[in-house]
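Trainee: Quick one: this structure, given as structure tokens, is what I'll be asking you about.
The values are calculated or read from the model by the stated rules, or taken from the named source; none is laboratory data. Given the structure is predicted, the values throughout are model-derived calculations rather than measurements. Neighbour counts are summed over all protein chains in view; Cβ atoms, including those assigned to glycine, are modelled from backbone coordinates with ideal geometry. Note: accessible area is taken over every heavy atom of the protein model, side chains too, but ligands, DNA and RNA are not part of it. Shrake-Rupley method; radii C 1.70, N 1.55, O 1.52, S 1.80 Å.
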Amino acid sequence: MNILKLRIGSQNIQGGLIRKLDFNDFSNIVHKFDIFCMQESWLTENNSVTINGYDMFRSERKKAKKLSSGGVIILFKSHLSKGMTKIKSNYEDFVWAKLDKNFFGLENDVYLCNCYIPPSNSNMHLVRNNDPFDILEQEILEFGNLGDVIILGDTNSRTGRLQEQYSDHFNPYNDNITINDNYDYEPLIRGNEDSTINEFGRKLFNVLENTHLLILNGRMVGDLNGVKTCHTYNGSSTVDYGIVSLNLASEIHIFKVLSQQWYSDHNPIYLELKINRNVHETSIDIELTKNFRYIWTEEGKNKFVELLSSSEYEDKFKCFSQNKYKKVSEATGALVNILQEAANACLILKETSITSDRPHKEGEYQNNQLVPIKREYKKVKRQYNNDKNNVNKRMLFIIQRRKYKKMQYLLHKYKKEDKLLKLAEMEKSDPKLFWKSIKKIINPKTPEQNIGSNQWVTYFKSLLNVNNNSTSNQFLTYVTTSLPT
């Protein structure tokens, strides 16, 4: 029997959301999830963003001296909108959403927080003159009285191997909250590849112990070792977390840290929440790691055998053998799911891509300059993943990632300029096709019937990201003076 799951992801994208939406690598990550939390969107209230098939709840900084900073978004598939409600937070870099228990088939309402806490040396802490951890604790207690809680995001907290300490296992909220039968289980000892503890890490743990929340990193199937989530010149660390109510921990099917992406220092993380109602548009269950292979090592083999011999998996196999499956495919799928869970927890998973390094077709603008840089980036990334404690390999990986990122942005800009120049030539050679192309550029949701020349100037400037001295301004003047008023 297939488990119904809600895929919830999170990543600090480090700004440039509008620009990054044009890249397939980023878009593919977003579309893997039913709900995706983004930190550091760098949007302002004046920025309009739409993503086909998704709705969003946003929160931006209103009085920041640096406009390109902060900002959090909860993105969710449009067909889930009836079960999602935005809840205002007292902190600009938090955004809460209520997941309705009746819509999703849950025991209790779930309150999801997309959380971004700036680094301890950030000026934002001086500007705001409040403690985000105090606000987070107050809001957890408030919403914990109404349902279960999930916290996802970048807290800039390094917690080392601290373990949550609870005086006893009781419901810290009120009698209206349903307690799962598995509530009184002893959570696994949390693993963490990052052994450092900082001030924010201790503050975060103080919040967790006061609210009876549990960190998923390092203790769930998919991430038993506590994989590091951020890789920079200064080193690697675990600062991106999945945190849930103790009551909800048994309903988390899997938690995993995905592989590093070129556009951010932070790895995406995701969890699968068990639900009792099919809220997906189709019944097809597409796996996040559809194309992959496992790397079989002696250490991994021993862990795999040990896990399959544990009491937890004995119960799983016993349950499997007692089920009466109607079809061979159902029985095979159930057994594969058990073995895959164990393999994900113990073995190194290498994702394979169905694409190649050859230049893509139109829409994936690449040329021969990008191919060798991409190949080198993948090479040093693979070497770093095999030995993450090697400082030299980490530095090479970050240098090559930055070079690849710059080349991606540069070629994308050229692509836009080429399209604009072709549009200029088309205006005289084929006016009919020219205006047809113009209509495709216009957002169909725009209520205005007539588009003024000032709007076109603003649009093309943002499209090209040009300076006043740019030669592209000559074409902007040409296009806008040619447009009918």
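Trainee: Here's a check for you: in segment 100-117, which residue that is in a strand (DSSP E or B) and under 18 Å from the mean Cα position of the chain (by Cα) is nearest to Arg7 (Cα to Cα)?
Mentor: In this case the residue turns out to be Leu112.
Trainee: I would also like to ask the following. Do you know which of the residues in segment 400-429 that are acidic (Asp, Glu) and more than 31 Å from the chain's Cα centre (by Cα) is modelled with the highest pLDDT?
Mentor: Checking each candidate, the answer is Glu425.
Trainee: Within segment 340-379, how many residues are closer than 30 Å to Val221 by Cβ, modelled with pLDDT under 75 and open to solvent by less than 60 Å² (accessible area, probe 1.4 Å)?
Mentor: Final tally of qualifying residues: 1.
Trainee: Please give the strands (runs of 3 or more DSSP E) falling wholly within segment 211-273 in which 3 or more residues are within 18 Å of Ala343 (Cβ to Cβ) and either in contact with a strand residue (DSSP E or B) (Cβ under 9 Å, 6 or more places away or on another chain) or open to solvent by 10 Å² or more (accessible area, probe 1.4 Å) (or both).
Mentor: Because the criterion is at least 3 residues that are within 18 Å of Ala343 (Cβ to Cβ) and either in contact with a strand residue (DSSP E or B) (Cβ under 9 Å, 6 or more places away or on another chain) or open to solvent by 10 Å² or more (accessible area, probe 1.4 Å) (or both), the strands (runs of 3 or more DSSP E) in segment 211-273 that meet it are 252-257.
Trainee: Which numbered condition trips up Ile74, out of (1) within 28 Å of Ser48 (Cβ to Cβ); (2) touching a residue at least 24 places away in the same chain (Cβ under 8 Å); (3) over 19 Å from the mean Cα position of the chain (by Cα)?
Mentor: Checking Ile74 against (1) within 28 Å of Ser48 (Cβ to Cβ); (2) touching a residue at least 24 places away in the same chain (Cβ under 8 Å); (3) over 19 Å from the mean Cα position of the chain (by Cα), the one that fails is (3).
Trainee: Evaluate segment 143-150: report whether one residue or more is touching a Gly at 6+ places or on another chain (Cβ under 7 Å) and under 24 Å from Cys230 (Cβ atoms). Steps first, please.
Mentor: Just the residues of segment 143-150 that are touching a Gly at 6+ places or on another chain (Cβ under 7 Å), to begin with: none.
Within segment 143-150, none of the residues are touching a Gly at 6+ places or on another chain (Cβ under 7 Å) and under 24 Å from Cys230 (Cβ atoms).
Trainee: On to the next question. Can you tell me which residue in segment 8-26 is farthest from Val72 (Cα to Cα), limited to those that are crowded, with 21+ Cβ neighbours inside 10 Å and of a type outside the set (A, V, I, L, M, F, W, C)?
Mentor: Result: Lys20.
Trainee: Also, I was wondering about something else. On the given criteria, is Leu80 farther than 25 Å from Tyr409 by Cβ and open to solvent by 30 Å² or more (accessible area, probe 1.4 Å)?
Mentor: no
Trainee: Restricting to segment 118-147, what's the tally of residues that are assigned to a loop (DSSP other than H, G, I, E, B), open to solvent by less than 20 Å² (accessible area, probe 1.4 Å) and over 17 Å from Gly70 (Cβ atoms)?
Mentor: Residues in segment 118-147 being assigned to a loop (DSSP other than H, G, I, E, B), open to solvent by less than 20 Å² (accessible area, probe 1.4 Å) and over 17 Å from Gly70 (Cβ atoms): 1 in total.
Trainee: Mind checking which residues of segment 27-48 are over 19 Å from Leu152 (Cα atoms) and buried (at least 19 other Cβ atoms within 10 Å of the Cβ)?
Mentor: If the condition is that a residue be over 19 Å from Leu152 (Cα atoms) and buried (at least 19 other Cβ atoms within 10 Å of the Cβ), then Leu43 is the only one that fits.
Trainee: Can you tell me how many residues within segment 83-99 are surrounded by fewer than 17 Cβ atoms within 10 Å (Cβ to Cβ), charged (D, E, K, R) and either at pLDDT 95 or above or at positive phi (or both)?
Mentor: Residues meeting the conditions: 1.
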